[in-house]
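The next block holds one structure in the form of structure tokens; read it before the comments.
Coordinate-derived values only; no laboratory data. Owing to the predicted nature of the structure, the values given are computational and were not obtained by experimental measurement.
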Amino acid sequence: MSMQVKGTLLQILKMETGVSKAGKEWKKQDFVIETNEQFPKKVCFTLFNDKVNLLVGIPEGEELEISFDIESREFNNKWYHNLNAWKIERTVHKTESTFTPPFKEEDIPAEFSGEEPGDLPF
């Protein structure tokens, strides 16, 4: 099940490493965001192995959109849940990304301003 959520990066937790029973090394990085809803919620996500690099260079306080999968597993008659992030995108506020400079009259080319046509062949 793949889902997305937007929020503010609150905390990057300490990276964990280890070796599996099969002898393969693994890395795990957890991080917490706070959603941008009327009633904000704190959500902890997990990155595994090469995905831990998705957080490199992202400071706490940054607005993010997280794509993740939900996974549950049973151990000793208890169920455990993981929110496994697989994509992290930085979001940009609309005021920053849609800025349009003010229009000026001198921005209109002479051929469209009602003046005498130039030496254009049409």
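What the table shows:
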read-out	value
Fraction of beta bridges assigned by DSSP in the range 2-99 that are antiparallel (%, nearest 5)	95
Per-bin percent of Cα-Cα distances, the range 2-99 [5 Å]	3, 11, 20, 22, 19, 12, 7, 3, 2, 1, 0, 0
